[in-house]
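Asks: Before I ask anything, let me first share the structure, which is written out below as C-alpha cells.
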Amino acid sequence: MTAPAATHSPAAAPAPTAALAGKFLVAGLVGLALTAAGFFLAHDSAGVALSYLVGISYWSAVVIGMLMLVLIHHIFDAGWSVVIRRQFEHGLAAFPWLFVLFLPLLASAWLKPGLIWPWMDLSHELHGGHTVGTDPLYLKKASFLNVKMFTAMTVGFFAVWIWLSARLRKASFTQDADGDKKWTFMSRKTAAFGIPLNALALTFAAIYWMKSLEYHWFSTMYGVWFFSNCIRAALAFGVVITVWLYQRGDYKGIYNTNQFHCLTALAFAFVVFWAYITFSQYFLIWNANVPEETFWYNIRESGDWWWIGMLLLFGHFFVPFLFWLVYRNKATRAPALKISLWIAAIILVDICYNVLPALKDHHGVPQPFFSVNLLWVLTSVVGIGGICGWAYLRSFARTKLIPIRDPRIVESLTYHEATAP
C-alpha cells in the first residue's frame, strides 16, 4: 500500500517549515530577553522569577506528557496511533533545551537562595516571626529540601527525560532507514522501564519545583495531579499539531476521522481523570481539616484567586466535559481545535494557581492574580514555547512524516472504528 507519507522525503519538509521555525526562534528569543530584562529591571524580581518557573513548568508538562504518550503507545503496541506518534517524538527534541532554560533557576538557587523557594534560605522569615532554620516542619524535611539535593534531583529529572527520549527517537528514526523490527522491540523495552522512571521523575519534579514553594503543605495526590495535566497538555497540542498538518496537506489521505476521534476520546477521558484527582485532593484535605493542609486552599479562596478557582472548576472540567460529550465535536477538526486551545490555556492558569500564590505580603496574603506578574508569565511562556516550537520544527524537517517502516504502519493507515456511525 502506497500512501502520500511513504514519499515524504526529508528534503521536502525544510522548505515549508524553515521560515516558520525561524519565526518561533525569534519569538522565543524575544520572550526570553523581555523576561530577563524584567528580572533585572523590575522592582519585584521574585515575581519575575516565579513567573518564569510557571513558564518552564508549563512547557515541561507538555513535553513530559508527549514522552508518556509515546511510552504508552509502545507498551500497548497500539496500532491506531502509529501515524500520530512521530509528532510526539519530534516534540521530545525540546528536552535538552528545556534543561538549558532551567539553568537560570538553578543559578538563582545558589546565588540568591530563597528568591524563589523560601526554604533554600534558612534565615528567611516566615509569617509569625520565626525563620526557616528554626522551623520544626522544615527541619524534618531538611535532608530532602536543600539546595544540593534540589540541584542533583533536577539534573537527574532531565537526564532521565533526555535519555528516554533519545532512545525512543533513535529507534523510531533508524527504523525508517532499515526497517529492522529490533527497533520496535527496543522501544517496547524502553517503555517497560521508562514508564515508571518517567512517573517518578515527573512526580518529584512537581514536588520540588511547585509543591515545595509552600513546604508546610501536604498532599499525596500532587504528583498524579501534575501527571494528569501533562497528559492533557500533550493531547491538546497533539490535536493542534495534527490539525495543522492536515490543513497543510501533509496528513491528507493518511490521518482519518477514526484516528482523530481516538485522540480526542483520549483527551475526553483525561478530563474526567483530572477532575477525579483534583476533587479527591480537595475532599481529602477538607475532610481531614488539618491546618498544615487546609491553609493552601484557604489562601486561594480569598481575593481574585477565588475566581480563578471557579474558572478551573468550570473551565478545566465542565466546559471540556460537556463539549467532548458530543461525538461531532470529537470527530470534527475545527471544534476539536478550539477546545484543545482552550484546554492548553486553562492548564497554564492551573499552574499559575499552584505557583503564584507563593508570593505573599508581610501579612501572609498572596499577591493578586491580576498583577504585573501576568506580563512576565506571558513573556516566559512565549519565550520558552518559542524555543520548544523551534526544536519541534527542526526535528520535523529531518525525518519522515510518519514511521514508514513500523510493523503496524499499514494497520494504522487503514485503521477504522467498527462502531463509528
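The values are calculated or read from the model by the stated rules, or taken from the named source; none is laboratory data. Just so it is clear, the structure is predicted and the values come from calculations on it, not from any experiment. Cβ placement follows ideal geometry from the backbone for every residue including glycine, while neighbour counts extend to all protein chains displayed.
Asks: Can you find even one residue in segment 361-372 that is within 30 Å of Asp44 (Cα to Cα) and surrounded by 19 or more Cβ atoms within 10 Å (Cβ to Cβ)?
Replies: yes
This table checks each residue for (1) among the charged types (D, E, K, R); (2) modelled with pLDDT of 95 or more.
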| position | (1), (2) |
| --- | --- |
| Lys330 | yes, yes |
| Arg333 | yes, yes |
| Leu341 | no, yes |
| Ala358 | no, no |
| Asp361 | yes, no |
| Ser380 | no, yes |
| Tyr392 | no, yes |
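Asks: Just one of (1) more than 28 Å from Val30 (Cβ to Cβ); (2) in contact (Cβ under 8 Å) with a residue 12 or more places away in the chain; (3) part of a helix (DSSP H, G or I) trips up Pro113, so point out which.
Replies: Just one mismatch for Pro113, condition (3).
Asks: Of all residues in segment 308-333 being of a type in the set (Phe, Trp, Tyr) and without any contact (Cβ under 8 Å) to a residue 24 or more places away in the chain, which is nearest to Asp135 (Cα to Cα)?
Replies: Checking each candidate, the answer is Phe314.
Asks: Look through segment 1-15, keep the residues that are assigned to a helix (DSSP H, G or I) and surrounded by 14 or more Cβ atoms within 10 Å (Cβ to Cβ), and return whichever of them is modelled with the lowest pLDDT.
Replies: That would be Pro14.
Asks: Among the residues of segment 380-392 satisfying the criterion of being over 25 Å from Gly309 (Cβ atoms) and of a type in the set (Val, Ile, Thr), which is nearest to the chain's Cα centre (by Cα)?
Replies: In this case the residue turns out to be Ile384.
Asks: Answer yes or no: is there a residue in segment 301-322 that is among the polar types (S, T, N, Q), surrounded by fewer than 15 Cβ atoms within 10 Å (Cβ to Cβ), part of a helix (DSSP H, G or I) and over 24 Å from the mean Cα position of the chain (by Cα).
Replies: Looking through segment 301-322, none of the residues is among the polar types (S, T, N, Q), surrounded by fewer than 15 Cβ atoms within 10 Å (Cβ to Cβ), part of a helix (DSSP H, G or I) and over 24 Å from the mean Cα position of the chain (by Cα).
Asks: For segment 220-231, name all the residues that are buried (at least 17 other Cβ atoms within 10 Å of the Cβ) and among the polar types (S, T, N, Q). Step through it out loud before you land on a result.
Replies: So in segment 220-231, the residues buried (at least 17 other Cβ atoms within 10 Å of the Cβ) come out as 221-231.
Answer for segment 220-231, where residues must be buried (at least 17 other Cβ atoms within 10 Å of the Cβ) and among the polar types (S, T, N, Q): Ser228, Asn229.
Asks: Is there a residue being over 25 Å from Asp350 (Cα atoms), in a helix (DSSP H, G or I) and at pLDDT below 95 anywhere in segment 41-49?
Replies: The answer is yes; a qualifying residue exists.
Asks: When the residues of segment 88-141 are filtered to those that are more than 28 Å from Phe40 (Cβ to Cβ) and touching a Gly at 6+ places or on another chain (Cβ under 9 Å), which remaining residue is surrounded by the most Cβ atoms within 10 Å (Cβ to Cβ)? Quick ask: steps written out before the conclusion?
Replies: Filtering segment 88-141 for residues more than 28 Å from Phe40 (Cβ to Cβ) gives 88-93, 127-130, 133-141.
Among the residues that remain, those that are also touching a Gly at 6+ places or on another chain (Cβ under 9 Å) are: 88, 91, 127-128, 139.
Values: Phe88: 25, Gly91: 27, His127: 11, Gly128: 7, Leu139: 13.
Ranking the candidates gives Gly91 first.
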